[in-house]
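Q: Just dropping this structure here.
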């Protein structure tokens, strides 16, 4: 007898089963694909509540700063929806007084400090990324040590005073000019640059400075944007250095004014506002206006850097 074979066992197309395509992995199922309607509803409710907890106070701050004085008084100091727009609080604090001066100081310190910090950070990170640099290991070790161990408050103050930076704007910039964490992040990006590209530039006769300026910096726009945002936000929100090193209140940045007149509840008098106004806005309205002014620059800058944020933050991460 001759054995007969079932053709459906050897030919998968006749059995109705789709043939397996080589080189393709099965599609992974997302967690959201397996979630039921109850899980999705709970997720939507939780996200809505979280967004409301963030947005409603911000809306209240802006609304209180532009609400009429009588509505702020009737509402007890917090207005969610103003019935009219009154910009008298902004006109009062920006009419040449301490707030306007502090705003200009904060803008100058943030711009100069961010530019200086980015320059020093990229130069140090590039030197640490080149293994042939003299003292590379020793410098990298010092950076790591400064990342793990920070100096105390008293030694920092004595160092600033020894260099004559008390009551100087440089006291707000130099002590925090370089962050060890940001140096490590930028160095990780520079280490990941293709060695062939850098070697080709050297063969073409480019110096190390030209390679840094024409190859390293243009390719590192994403990470520099994120690091620059970190430095900018740090300089803009810093008040502790001003509290320590600035004895002259006329040199205070905006955040120091914010701490004094909003957190501590100190009232802004006619000399602080620069001009004496007959109908002075309520103190709560002025405080909310100062808050809005302190928030606006970061809110304006962040959307332009947001597209670089994810890529810059993942620099040096382990990819799976």
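Q: In the stretch 206-230, which residue that is touching a helix residue (DSSP H, G or I) at 6+ places or on another chain (Cβ under 8 Å) and not in a helix (DSSP H, G or I) is surrounded by the fewest Cβ atoms within 10 Å (Cβ to Cβ)?
A: 206
Q: Of all residues in the stretch 169-180, which are closer than 15 Å to residue 234 by Cα and either touching a residue at least 40 places away in the same chain (Cβ under 8 Å) or touching a helix residue (DSSP H, G or I) at 6+ places or on another chain (Cβ under 6 Å) (or both)?
A: 171, 172, 173, 175, 176, 177, 178, 179, 180
Q: From 38, 72, grab the single residue that is at pLDDT below 90, out of contact with any strand residue (DSSP E or B) (no Cβ under 7 Å at 6 or more places or on another chain) and surrounded by fewer than 19 Cβ atoms within 10 Å (Cβ to Cβ).
A: Selected residue: 38, the only one of 38, 72 that is at pLDDT below 90, out of contact with any strand residue (DSSP E or B) (no Cβ under 7 Å at 6 or more places or on another chain) and surrounded by fewer than 19 Cβ atoms within 10 Å (Cβ to Cβ).
Q: While we're on this one: Of the conditions (1) closer than 29 Å to residue 151 by Cβ; (2) out of contact with any helix residue (DSSP H, G or I) (no Cβ under 6 Å at 6 or more places or on another chain); (3) modelled with pLDDT under 90, residue 192 satisfies every one except a single condition; which number is it?
A: (1)
Q: Scan (1) over 25 Å from the mean Cα position of the chain (by Cα); (2) within 25 Å of residue 110 (Cα to Cα) for the single condition residue 174 breaks and write down its number.
A: Just one mismatch for residue 174, condition (1).
Q: Still on this structure, I have one more. For the condition within 21 Å of residue 225 (Cβ to Cβ), in contact (Cβ under 8 Å) with a residue 40 or more places away in the chain and in contact with a helix residue (DSSP H, G or I) (Cβ under 6 Å, 6 or more places away or on another chain), what is the one hit in 116, 128?
A: Answer to the selection: 128.
Q: In the stretch 193-205, what residues are free of Cβ contacts under 8 Å to residues at least 12 places away in the same chain and either crowded, with 16+ Cβ neighbours inside 10 Å or closer than 16 Å to residue 124 by Cβ (or both)?
A: none
Q: Please state which one of 163, 149, 190, 230 is farther than 27 Å from residue 258 by Cβ and touching a residue at least 40 places away in the same chain (Cβ under 8 Å).
A: 190
Q: Checking the conditions here, which among 133, 122 is in the same structural domain as residue 225 (by TED's automatic domain parsing) and outside any helix (DSSP H, G or I)?
A: 133
Q: Can you list the helices (runs of 4 or more DSSP H) lying wholly within the stretch 231-304 that have 2 or more residues being under 24 Å from the mean Cα position of the chain (by Cα), under 13 Å from residue 105 (Cβ atoms) and modelled with pLDDT of 85 or more?
A: Answer list for the stretch 231-304: 240-245, 254-258.
Q: Further, regarding this structure: Test each condition in (1) crowded, with 19+ Cβ neighbours inside 10 Å; (2) farther than 18 Å from residue 113 by Cα; (3) modelled with pLDDT of 90 or more for residue 157 and report the one that comes out false.
A: (1)
The values are calculated or read from the model by the stated rules, or taken from the named source; none is laboratory data. Values in this document were obtained by computation on a predicted structure and should not be read as measured data. FYI the Cβ positions are ideal-geometry reconstructions off the backbone, even for glycines, and counts take in every protein chain you see.
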